[in-house]
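Derivation of every value follows stated rules applied to the coordinates shown; laboratory data play no part. Values in this document were obtained by computation on a predicted structure and should not be read as measured data. Neighbour counts are summed over all protein chains in view; Cβ atoms, including those assigned to glycine, are modelled from backbone coordinates with ideal geometry.
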Amino acid sequence: MGILEVKGVKAEYSFHKPKNFNGKAVFLVPGVSGGALTSRFSFLLRPFQEKGYATLKADIWENRKEFLSLTAEQIFSLLDEIISFLKKEGSKEISAVGKSLGGGLLLMYANNEIKKLYLFAPTIGLTEETKERTIKRKFREFPTIESIRVGKKNLQGIKSKVFVFQGNKDKTVPMEEAKELSSHIKNCEFMVLEGASHSYKTDVEQNTIKMSLEKIID
């Protein structure tokens, strides 16, 4: 466990480097409810650990209230610190996992140092504006979480390989919205998770995700 701090924002993190470390790393960005350090996200990172990836989870925000007090700019600064930290730990290739709004923020972040993005039900709207117009606003200034949007031009500039996973039982993110979002990303593979909702709480859902990741992680 450790602390990352930048621009007045602190994030507690947990870092794991396996004995069979392969020079690759992946970090996690959770949904709006936070709780990255809890065990509920472990199933998303375990397939990477089994392949020799170093993994990092950081409580950039611990809950919805704390998230609303932040700006995208502050979050992106912490993500920059995470990438720098992973490089110092010997990672030559860095990927990221995003859940729900965390996936949407990774698309807004659009850092092409990230080799691959594994996004589970990324939750964010589309706009014609660029991110420079919105990243300095605190999230509580948006009318609703659903009104947080990413610019289409920003999506089109993403060079990372992107995997979007969408459950066909998800009532939070409609399938058509997920497909529309994915269509604006050049190097994107859209994958349907049969029988999965938005929460991924059941063993069946988590096993479906595990098997899907095992097929594409190299």
Would you mind checking which residues have amide H under 5 Å from residue 29's amide H? H placed 1.01 Å from N; only 5 or more apart, or other chain.
97, 98, 99
Taking the alpha-carbon distance from residue 115 and a cut-off under 18 Å, which lysines remain once sequence neighbours fewer than 8 residues away in the same chain are dropped?
24, 51, 57, 87, 88, 92, 99, 159, 161, 186, 215
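Arrange 191, 108, 211, 1 by Cβ neighbour counts within 10 Å, fewest through most, would you? Let's see the in-between values first.
Working: 191 16, 108 21, 211 10, 1 7.
In order of increasing Cβ crowding within 10 Å: 1, 211, 191, 108.
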In the stretch 2-216, taking the dipole from +1 charges on Lys and Arg beta carbons and -1 charges on Asp and Glu beta carbons about the Cα centre, the listed residue (196, 11, 94) farthest towards the positive end is 94
Count charges around residue 212 for me, please; just the other residues with Cβ under 12 Å from its Cβ, Lys/Arg as +1, Asp/Glu as -1.
-2
GNM on the chain, C-alpha springs below 10 Å: top fluctuator among 30, 143, 47?
143
Between residue 141 and residue 39, what is 0.36 nm times their sequence separation minus the Cα-Cα distance? Round to one decimal in nm.
33.6 nm
Once you've got the GNM for the chain with C-alpha springs shorter than 10 Å, pick whichever of 101, 28, 68 has the biggest mean-square fluctuation.
68
Subtracting the Cα-Cα distance of residue 216 and residue 192 from 0.36 nm times their residue separation yields 7.2 nm
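Nothing charged except the Cβ atoms of Lys and Arg (+1) and of Asp and Glu (-1): what's the magnitude of the dipole of the stretch 2-216 about its Cα centre? Round to the nearest 20 debye. Present the calculation step by step, with values, prior to reporting the outcome.
Details: 35 positive and 26 negative charges, 78 e Å.
Roughly 380 debye for the stretch 2-216.
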Of 165, 111, 72, farthest towards positive along the dipole that unit charges on Lys, Arg, Asp, Glu beta carbons give the stretch 2-216:
111
Counting sequence-distant residues (5 or more places) and residues on other chains, those with an amide H built under 5 Å from that of residue 167 are 121, 193
Backbone HN-Hα couplings from phi across the stretch 103-113 [Karplus 6.51/-1.76/1.60, Hz, Gly and Pro as x]
x, x, 5, 5, 5, 5, 4, 6, 8, 6, 6
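Can you compute the FRET efficiency between residue 21 and residue 112 using 1/(1 + (r/R0)^6), with r the Cβ-Cβ distance and R0 = 22 Å? Round to the nearest 0.05.
Details: r = 24 Å, r/R0 = 1.08.
Working from the Cβ atoms, E equals 0.40.
Could you list 213, 193, 70 so that the one with the fewest beta carbons within 10 Å of its beta carbon is first and the one with the most is last? Display every interim value, and only then the final one.
Details: 213 23, 193 19, 70 16.
Least to most surrounded, the residues fall as 70, 193, 213.
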Any chance you could run the full-extension gain for residue 69 through residue 93? It's 0.36 nm times the residue separation minus the Cα-Cα distance, nm to one decimal.
5.5 nm
Counting other Cβ atoms within 10 Å, which trypsin sites (Lys or Arg not before Pro) in the stretch 174-205 have at most 15 and lie in a DSSP loop?
186, 201
